[in-house]
Amino acid sequence: MKRIILSLIIFFSMVVQANAQVDWGQYSQTFPDKAMDQPSTIALITATKRPNDSFWSTFPAIILESRLKADTAFQKSRPSDFIAVASFDTANAQFFLHGVNRRNAAEYQLRVTEGSRKIIVPWSPITHFTDEKLNDSAGQPEMAYLGGYHAPPGSKIIVDVKKAGTNKIIQTSVVEWQYLRPVLVDVYAPGDLNIFLKRLSGAWRLKENDKSLWQRQNPTDVFGRIPNPPRKLMVEPTDNNLIFYLDADIYTKDQIEYEVVKNNEVITPWRINDFDNGFIWLRELAPGDYVLKIRYNLQREHVTQVAFEIKTPWYESDAFRVIAILLSSSLVGFIIVFILNINQRQKAKEELAKKTKLQLELRAIYAQLNPHFVFNALSSIQGLINKQDVAGANSYLSNFAKLMRESLASSNKAQIPLKQEIEILDTYLKLEQLRFGFKYEINVDERIGLYETEIPALLLQPIVENAVKHGVSSLQDKGRITVSFIREGNTMLVSVSDNGSGFDEDESQNGFGLKLTRDRIKLLNELANEQPVLLEISQNKTNETKFQLKFINWFL
């Protein structure tokens with residue numbers, strides 16, 4: 001038996017008793033062929049939401065009708081001529097009974113069930129009817145309103161009408177709500193645009209070699225009947241514009257909603273589609289792992305998702321970044337080391353020049369010490385000769401020759417062993433003892449190695465000479481000079497004390513030897529500031545004068 005689907009579009013909503021309201025412009029009506037030809041013809045009218053029109057090809061009503069006709073339990077006590085409608089919406093399906101009005105309603109009863117067992121409305125009289133305004137505007141007679149009902153996907157609403165007082169069902173209408181989940185057919189890359197346009201204009205245009213991106217990667221897979229493809233689509237970085245084609249006839253873009261997840265983060269929340277057609281176009285995708293989720297707004301609980309990955313270009317890969325960072329760091333490090341090396345070499349060159357200059361100045365001072373010492377020694381010999389002390393003069397000349405040899409042996413050395421410095425001092429003091437008759441002693445701390453410890457050559461001689469000349473020379477045999485070497489931690493203390501008449505600072509400023517010693521100490525400290533030498537001069541209440549040299553960090 002033929003079925004007619006007719007849309008009755010009017011300018012106002014249909015209001016029925018019991019607050020029943022239907023906007024016929026949004027509904028499609030299904031009823032038996034020629035049911036409206038006579039006002040008195042008894043016929044069920046089923047009204048369902050119009051957006052379902054897009055999906056009738058997905059699950060045509062004829063499939064539902066064939067299945068129900070094969071169901072003996074359903075066919076029992078029901079006419080073979082019934083209405084079967086597939087619906088996908090969450091809206092109620094509305095049911096009307098043409099040919100039944102207030103005058104003859106008592107002759108009929110209705111029953112509503114969900115499936116074959118759940119009774120929603122048991123056999124009941126008909127009490128609701130269409131509004132008079134609708135009747136006038138639509139040009140239709142008054143008819144019975146049987147109510148609006150809905151069932152979850154996978155279930156159906158069955159409305160039966162029978163003659164009152166009998167068990168014979170004269171009219172049946174069935175609305176089954178189908179599961180509606182988007183089904184992907186293919187995925188197209190930018191290079192597949194021509195194939196996509198062929199498919200869009202008609203599948204019959206496709207040729208055997210027109211393979212989509214998915215078909216090229218998965219030639220043995222049937223892509224289009226599995227809601228969630230198990231395989232991930234791998235896409236080259238340049239193919240970052242993808243078209244996902246659905247197996248559905250879509251006429252309005254708000255029927256499709258989609259969401260995009262990248263690297264487990266939502267980058268495009270649920271939104272309606274961009275096109276009034278059955279495909280989704282994602283553009284300018286950055287490298288990463290994606291999941292595209294698709295749903296129909298009629299059944300948002302059923303989501304199809306497909307995973308795909310936009311490959312990372314080699315120049316954006318982690319390995320390349322690591323290599324680039326390492327190379328950049330190496331280059332920067334090389335430049336820094338190169339600059340530091342240049343600065344270090346320049347600094348070393350400057351330090352060498354400075355050190356050379358200081359050493360030359362030290363040599364100049366050292367060269368001045370020898371003539372000064374020789375002058376003083378010759379003065380002492382002259383004094384002995386003037387006293388007619390020939391034996392003393394000869395002894396002095398012998399010791400003086402020894403002292404000159406020791407002095408010449410150390411003249412080319414910046415530092416000499418402490419043992420050699422002490423021998424020079426001892427020889428000098430013996431020379432001056434012959435002249436003035438004073439007593440002297442040299443004391444060395446046993447913790448100081450005489451051969452391992454070095455000291456600037458002839459640094460102590462001018463200080464000892466000052467103690468002789470300005471200290472004990474006038475005291476003769478009552479004079480006393482003490483030279484001590486003491487270790488305190490890493491510091492060596494060298495003291496030269498005498499019991500002379502005291503130290504006159506003004507007189508010392510005019511002294512040539514002490515001035516040269518101070519200048520030499522200053523230059524030594526500039527050369528080795530980590531091992532400074534300090535000179536301190538003090539005297540006690542008995543006018544005993546003490547020169548003390550501190551060699552800081554001398555024992556490292």
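Below is a table of values for the structure above.
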item: Order by protection proxy (mean Cβ within 10 Å, highest first), peptides 111-117, 34-40, 173-179; result: 173-179, 111-117, 34-40
item: Set of lysines near Lys293 by C-alpha distance (under 29 Å), chain-local residues within fewer than 8 positions excluded; result: Lys49, Lys156, Lys198, Lys211, Lys232, Lys253, Lys262, Lys311
item: Order of Glu257, Glu351 under a 10 Å beta carbon neighbour criterion, fewest first; result: Glu351, Glu257
item: Nitroxide proxy distance, nm - points 7 Å out along Cα→Cβ at Arg300 and Arg345; result: 7.4
item: Arg199, Arg345 arranged by Cβ crowding within 10 Å, fewest neighbours leading; result: Arg345, Arg199
item: Linear extension gain, Thr166 paired with Gln217, 0.36 nm per residue minus alpha-carbon span; result: 11.9 nm
item: Karplus 3J(HN,Hα) series, Hz, for the stretch 193-199 with 6.51 cos²θ - 1.76 cosθ + 1.60 (x for Gly, Pro); result: 4, 5, 5, 4, 5, 4, 5
item: Per-residue HN-Hα couplings for the stretch 318-323 [Karplus 6.51, -1.76, 1.60; θ = phi - 60°; Hz; x = Gly/Pro]; result: 5, 4, 5, 4, 4, 4
item: Relative contact order (percent, whole number), the stretch 184-315, Cα cutoff 8 Å, 6+ residue spacing; result: 26
item: Cβ charges +1 (Lys, Arg) and -1 (Asp, Glu), total dipole of the stretch 236-337, debye; result: 280
item: Ile335, Ile170 arranged by Cβ crowding within 10 Å, fewest neighbours leading; result: Ile335, Ile170
item: Estimated FRET transfer efficiency (Glu526, Glu284; beta-carbon r; R0 51 Å; 0.05); result: 0.15
item: Prolate/oblate/rounded label for the stretch 91-193 (Cα gyration tensor, a/c 1.5); result: oblate
item: Phi-based couplings in Hz for the stretch 145-153 (Karplus 6.51, -1.76, 1.60; Gly and Pro marked x); result: 9, 9, x, x, 9, 9, 9, x, x
item: Ordering of 322-330, 233-241 by packing [mean C-beta count within 10 Å, highest first]; result: 233-241, 322-330
item: Within straight-line cross-link reach of Lys347, lysines at Cα separation under 23 Å, skipping those fewer than 8 residues along the same chain; result: Lys355, Lys357, Lys522
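Coordinate-derived values only; no laboratory data. The shown structure was predicted, so the numbers you read here are calculated from the model rather than taken from an experiment. Quick reminder, even Gly has a Cβ in these numbers, built from the backbone with ideal geometry, and neighbours come from all protein chains shown.
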